[in-house]
Amino acid sequence: MITIKGILERLTYQNPDNHYTVAKLRIAKISDPVTLVGYLAGVVEGESLEVSGKWTTHPKYGDQFKVEVYKVILPASVSGIRQYIGSGMIKGIGKSLADKIVDHFKEKTLDIIENEPDKLKRIHGIGEAKKKLIEQAWNKHHAVRRVMQFLQEKEVGVYHAASILQTYGSGALNILEHDPYTIAKDIPEIGFAIADMIAMKAGGKKDDENRLQACLIHSLLLFEQEGHVYGLKKELFKVCSKTSGVEPDKFEQALEASIDSDEVRTETDEEDVKVYLSRLYRAEFGIASRMKAILSMPVTSHQIRKDQILEEVLSKLAIKLSPEQLSVVNNVLHEKIVVITGGPGTGKTTLIRALCEVFKMKNLKVVLSAPTGRAARRLSQVTGKKAFTLHKLLGFDFENQTFERNFANPLELDVFVVDETSIKDTLLMYRLIEAMPISASLILVGDTFQLPSVGPGNVLSDIIESDRVKVFSLTKIFRQAKQSPIIMYAHKIRNGEMPDFQKIESGKLSEFYFIENQRPEKVVETILELCSKRVPKAFPHIDEIQVLTPMHRGEAGTINLNQQLQRVLNQSKGGIEAGSFTFKPNDKVMHLKNNYEKDVFNGDIGIVYEVIKSESRVLVDYDGRIVEYDILELDELTLAYTISVHKSQGSEYAAVIIALTTAHFPLLQRNLLYTAMTRGKNLVIIVGSSNALKIALNNNKTALRLSGLKQKLRIP
C-alpha cells in the first residue's frame, strides 16, 4: 500500500450512515490537493491525516486516492494544538476558550483533555458542566475514528461503524477489542458476522464456546424479530449450524452454558424442546401467572339494573345502547378480565365510553391506554377522558432501564381498559399486567383480524384461545357505519368477499376508490398525483394523508415512494443525508425504535422543524414537542410520507392511499389488506392491480408464530 500525509482541506461529500467520503487532502509542496475516496469517519476539515491505499483513475473525475486505512495525526506543537482545538471541532470550545486552555497546559493540552479532563476546571470559565460537555465531545469525535481504524485493520466492513457507535458510544472500541461477541447479542442484524470476523482474525477457533453461545443467542434474537417467542431446539441448532459452519450437535454444550448463565430457558413438550431467551420466558410466564392470580380474586359485585345502565348512558352520552352493547356492558361488570373484539363500525369505542360512565356511577377509577400518542389523543377525544400510552403510564426510567410501575408499585386504578390490544407484544403485555393491582379488573379491546404485533408473540389471540377469560365479539354494524363504504368494504375483505367497486358512481364523491394500475411505475405516478394535487384539496395538512405499502423494497416500496413524494411535496432547500434519505425542513418523518431518553417511541410521526447542517443536528416537532437528533442518531428516523402497513398498526389517518401490486406478492395477505383499509377514517384509495387484490383476499394463512402463552394460561 502507498502512504501519504497531509491536511484535510475540504470534505466534499460524506454519507453519515456509512461514512463513505470524498475529500481533498493538501500535501506539502504539491500545488493541487489530492482527491481522497473511501470510508473516513470522525475526521474534520483542518486535521492532519496519514492515509494508506492505492491510486485509481475515475473516468470522469480523474486521479483519486482510494483510502484503505487512515489515522489522524494530532498536532504536537503549541501553535498546532491552538489551531486544532480552536477550529470548532470540539463542541464547547471556541477560539477564546481554546487560547486559555492552551496558554495554561501548553503542549500537554490534548493529553489533559483525553486523560485528565478534571484538570480543565482550573481554567476560569470551565465548571463541571462545561468540562463534561468538552469531555463528551472529545470522546465522541475520537471514538468514531478509533472504531473506524480498528475495523479497517481487521478488514471488517466499516459501513457498520455507525450502528456499533450508536449502541456503545465511546466504549465501542473496548467492546470490539476485548469481547467482540457481545455485539452479536446487542446488534442481531449485523453483530455476529462482524464479531466473528474480528475473533477469527485474532486467532479464534470455530468451536470456541463463546462463539457457539453467541451464535445461539444471535439466532434466537433473529427468531424474535420474526415474531417468535421461542425456537424449537432442532430447528434452532440447524440455523446455528448454517450460520457458524459447525455441526448441530456441537451446540448442545453451548445451550447448557447459556442456561447456566441465565441467558436462555427451556421447556420440554411432546415433540421437541422449546428454547427461550430468558427475558421472553419470564414475560410469557409472568403474563400467565399474573392473569391467573387476577382471575382467582373474588369479583366485586356491581349490581346495576339494565334499565339503569341504559338511562345513565343515554343521559350522559346521548347514546342509546343496542341490545348487544347493553348485554356486553352488563356482563363486563361481573368479570375480572374480559376481551372485547369486533371490526370497524361495531361500536367498540362507544362501548368503552359507556363502560367509563357506568364505572363512574360506582365511583371506580378507570384508566385508559392506547398504543401510540396519536391513538391516545383520539381515544381521549371520543371518551372525554384522559388516555395514556403504556410507556408514559408505566414510567420507564431510562437511566436505570426499569419501569417505575410494577407489582411492587402498581398503578392506582380499579379498572384498566387497554385499546388496540392486538398490537401488544409479549414484553409490553407483561409490563402492563405486572403493573396492575391484583384487585383491579382488566378490559382488553381489539380486533383479532388485524396484523399481529410487530414484536414477538400473539398475545390477544392466545388469550382468547386459552378459554380462560370471557370474550365478547361485537358483530352488528351500526346504521351510520353501514353508510361508510370504507367500513362495509373492510368487512367484506374480512369475510373473504371481493367488494363490488363498480357500485362507486363515477363523478360522485366517495369515501373509497379503487384505481386500477397494473405496472408499479404507473402506481407510483398515480400516488404522486393524488398526494400533490387531488387529495390535499380535501385534506390540506400533511399529517392527514398517509400512503401505505406492504414492502420496503421495489418501485412501490417505502424507500422509493418516500424519495419520490419528498421530491414533489417538499421544496425546502438544504438537508442532511442519512442512509437512503436526505432529511430537510418540513419533511414528514417517523421514529423507528423506542427511545426512552428522548421520550419518543417506535411509530411516532413528526415534522422536521429545523436542520442545523453546521452542527449535524436535526430537530423534529412531535405535536409541539421539539426533539433533537445528532448525526449518529439519524438511523432512528426515516421519511414517513409512505410507511409500511405494519408500522401503521394502532394509528388512524383522515386519508389513506394504499399501494398494492403483484410485486408485493410475499406479503399479500387478507389481514394486511384489512389492516391497511381500516387505518383510513374519511377516505381510502387503493392504487394497484385487481390481481394483487385477489391474491391478498384469497391468502388467509397467517404466518405461524411460536408462542406458549395459550398453553401456560390453560395450566390450572
| request: Determine the pairs where a residue that is on the phi > 0 side of the Ramachandran plot, located within the stretch 630-653, has a partner that is part of a loop (DSSP other than H, G, I, E, B) with Cβ atoms under 8 Å apart, the partner being 6 or more residues away or on another chain. | output: Gly650/Pro371; Gly650/Thr372; Gly650/Glu420; Gly650/Gly603
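Could you tell me which residue of the stretch 57-89 is least open to solvent (accessible area, probe 1.4 Å), considering only residues that are basic (Lys, Arg) and more than 28 Å from Ile113 (Cβ to Cβ)? Can you show your working first?
Residues of the stretch 57-89 basic (Lys, Arg): 60, 66, 71, 82.
If we keep only those that are more than 28 Å from Ile113 (Cβ to Cβ) as well, we get 60, 66.
Numbers: Lys60: 153, Lys66: 97 Å².
The extreme case among them is Lys66.
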| request: Determine which single condition Ala41 fails, assuming it passes every other condition in (1) aliphatic (A, V, I, L, M); (2) open to solvent by less than 30 Å² (accessible area, probe 1.4 Å); (3) within 30 Å of Lys132 (Cα to Cα); (4) assigned to a strand (DSSP E or B). | output: (4)
| note | Among helices (runs of 4 or more DSSP H) completely within the stretch 297-390, the ones holding 3 or more residues that are crowded, with 21+ Cβ neighbours inside 10 Å are 323-332, 348-361, 373-383
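Table: residues versus (1) among the hydroxyl-bearing types (Ser, Thr, Tyr); (2) modelled with pLDDT under 90; (3) surrounded by fewer than 18 Cβ atoms within 10 Å (Cβ to Cβ).
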residue: Met429; (1), (2), (3): no, no, no
residue: Ala435; (1), (2), (3): no, no, no
residue: Ser439; (1), (2), (3): yes, no, yes
residue: Leu460; (1), (2), (3): no, no, no
residue: Lys470; (1), (2), (3): no, no, yes
residue: Ser473; (1), (2), (3): yes, no, yes
residue: Lys482; (1), (2), (3): no, yes, yes
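Just checking, how many residues over the stretch 7-34 are under 42 Å from the mean Cα position of the chain (by Cα) and either among the polar types (S, T, N, Q) or not in a loop (DSSP other than H, G, I, E, B) (or both)?
Looking only at the stretch 7-34, we keep the residues that are under 42 Å from the mean Cα position of the chain (by Cα), and these are 7-25, 34.
Next, only the ones that are either among the polar types (S, T, N, Q) or not in a loop (DSSP other than H, G, I, E, B) (or both) stay: 7-15, 18, 20-25, 34.
Adding up the residues that qualify gives 17.
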| Out of (1) free of Cβ contacts under 8 Å to residues at least 40 places away in the same chain; (2) out of contact with any Asp or Glu (no Cβ under 9 Å at 6 or more places or on another chain), what's the single condition that is false for Pro536? | (2)
| Unmet requirement for Gly286, which otherwise passes all of (1) open to solvent by less than 70 Å² (accessible area, probe 1.4 Å); (2) closer than 18 Å to Ile443 by Cβ | (2)
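Taking Thr21, is it polar (S, T, N, Q) and touching a Gly at 6+ places or on another chain (Cβ under 7 Å)?
Numbers: polar (S, T, N, Q): yes; touching a Gly at 6+ places or on another chain (Cβ under 7 Å): yes.
Yes.
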| note | Checked the stretch 406-422 for anything of a type outside the set (Ser, Thr, Tyr) and over 22 Å from Tyr281 (Cβ atoms); matches are Asn409, Pro410, Leu411, Glu412, Leu413, Asp414, Val415, Phe416, Val417, Val418, Asp419, Glu420
| field | Residues satisfying the stated conditions in the stretch 364-379, i.e. at pLDDT below 90 and more than 19 Å from Met429 (Cβ to Cβ) | value | Gly373, Arg374, Arg377, Arg378
| message | Give all pairs with beta carbons closer than 7 Å in which a residue from the stretch 684-709 that is in a strand (DSSP E or B) meets a residue that is at pLDDT below 90 and open to solvent by 40 Å² or more (accessible area, probe 1.4 Å); count only pairs at least 6 apart in sequence or on separate chains. | response | Val684/Glu511
| said: Could you check the stretch 571-604 and list, in sequence order, the residues that are touching a Pro at 6+ places or on another chain (Cβ under 8 Å) and of a type in the set (Ser, Thr, Tyr)? | reply: Ser572
| query | Tally time: how many residues in the stretch 222-238 are in a helix (DSSP H, G or I), surrounded by fewer than 18 Cβ atoms within 10 Å (Cβ to Cβ) and of a type in the set (A, V, I, L, M, F, W, C)? | reply | 1
| field | When residues of the stretch 394-414 are limited to those that are open to solvent by less than 30 Å² (accessible area, probe 1.4 Å) and modelled with pLDDT of 90 or more, the one farthest from Met429 (Cα to Cα) | value | Leu413
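Just to be sure, is Ile423 out of contact with any helix residue (DSSP H, G or I) (no Cβ under 7 Å at 6 or more places or on another chain), in contact (Cβ under 8 Å) with a residue 40 or more places away in the chain and surrounded by fewer than 23 Cβ atoms within 10 Å (Cβ to Cβ)?
Numbers: out of contact with any helix residue (DSSP H, G or I) (no Cβ under 7 Å at 6 or more places or on another chain): yes; in contact (Cβ under 8 Å) with a residue 40 or more places away in the chain: yes; surrounded by fewer than 23 Cβ atoms within 10 Å (Cβ to Cβ): no.
In short, no.
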| said: So the check is Cβ under 7 Å with 6+ separation or different chains; which pairs have a first residue in the stretch 249-266 that's within 17 Å of Leu232 (Cβ to Cβ) and open to solvent by 70 Å² or more (accessible area, probe 1.4 Å) and a second one that's modelled with pLDDT of 95 or more and outside any helix (DSSP H, G or I)? | reply: Arg265/Tyr276
| said: What pairs come out if I take residues in the stretch 68-92 that are modelled with pLDDT of 75 or more and pair them with residues that are crowded, with 16+ Cβ neighbours inside 10 Å and among the polar types (S, T, N, Q) whose C-beta lies under 6 Å away, six or more apart or interchain? | reply: Val69/Gln152; Lys71/Gln149; Ile73/Ser48; Ile81/Thr109
| Of all residues in the stretch 556-609, which are of a type in the set (D, E, K, R), free of Cβ contacts under 8 Å to residues at least 40 places away in the same chain and open to solvent by 50 Å² or more (accessible area, probe 1.4 Å)? | Arg567, Lys573
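Test of understanding: among Ala184, Ala293, which residue is in contact (Cβ under 8 Å) with a residue 24 or more places away in the chain, assigned to a helix (DSSP H, G or I) and under 23 Å from Leu713 (Cβ atoms)?
Details: Ala184 fails: under 23 Å from Leu713 (Cβ atoms).
Exactly one of Ala184, Ala293 is in contact (Cβ under 8 Å) with a residue 24 or more places away in the chain, assigned to a helix (DSSP H, G or I) and under 23 Å from Leu713 (Cβ atoms), namely Ala293.
Those residues that are in a strand (DSSP E or B) and either open to solvent by 10 Å² or more (accessible area, probe 1.4 Å) or touching a Lys or Arg at 6+ places or on another chain (Cβ under 7 Å) (or both), I need them from the stretch 652-679; list them, please.
So in the stretch 652-679, the residues in a strand (DSSP E or B) come out as 653-660.
Within the stretch 652-679, Tyr653, Ala654, Val656 meet the criteria.
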| Checking Asn671 against (1) in contact with an Asp or Glu (Cβ under 7 Å, 6 or more places away or on another chain); (2) at pLDDT 90 or above; (3) closer than 22 Å to Asp419 by Cβ, which single condition isn't satisfied? | (1)
| query | For Lys54, are the conditions met, namely being in a loop (DSSP other than H, G, I, E, B), more than 30 Å from Leu120 (Cα to Cα), open to solvent by 80 Å² or more (accessible area, probe 1.4 Å) and among the basic types (Lys, Arg)? | reply | no
| field | Test for Leu444: is it modelled with pLDDT of 95 or more, open to solvent by less than 70 Å² (accessible area, probe 1.4 Å) and of a type outside the set (Gly, Ala, Ser) | value | yes
| query | Does any residue of the stretch 139-155 turn out to be over 25 Å from Gly53 (Cα atoms) and assigned to a helix (DSSP H, G or I)? | reply | yes
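Condition check: touching a His at 6+ places or on another chain (Cβ under 8 Å) and in contact (Cβ under 8 Å) with a residue 24 or more places away in the chain. Does Leu321 satisfy that?
Working: touching a His at 6+ places or on another chain (Cβ under 8 Å): no; in contact (Cβ under 8 Å) with a residue 24 or more places away in the chain: yes.
It is false that Leu321 is touching a His at 6+ places or on another chain (Cβ under 8 Å) and in contact (Cβ under 8 Å) with a residue 24 or more places away in the chain.
Among the residues that make up the stretch 96-112, is at least one of them modelled with pLDDT under 80 and either small (Gly, Ala, Ser) or more than 23 Å from Lys24 (Cα to Cα) (or both)? Give the steps one after another, and end with the answer.
Applying the first criterion (modelled with pLDDT under 80) to the stretch 96-112 yields none.
The answer is no, given that none of the residues of the stretch 96-112 is modelled with pLDDT under 80 and either small (Gly, Ala, Ser) or more than 23 Å from Lys24 (Cα to Cα) (or both).
Could you list all residues from the stretch 512-542 that are farther than 18 Å from Asn560 by Cβ and open to solvent by less than 60 Å² (accessible area, probe 1.4 Å)? Outline the logic, then answer.
Residues of the stretch 512-542 that are farther than 18 Å from Asn560 by Cβ, as a first pass: 512-516, 533-542.
Scanning the stretch 512-542 gives Phe512, Phe514, Ile515, Val535, Pro536, Phe539, Ile542.
The values are calculated or read from the model by the stated rules, or taken from the named source; none is laboratory data. It should be emphasised that the depicted structure is a prediction, and the values quoted were computed from it without experimental measurement. Here Cβ is always computed from backbone atoms with ideal geometry, including for glycine, and neighbour counts include all displayed protein chains. Heads up: the accessible areas ignore ligands, DNA and RNA and are worked out on the full protein's heavy atoms, side chains in. Shrake-Rupley method; radii C 1.70, N 1.55, O 1.52, S 1.80 Å.
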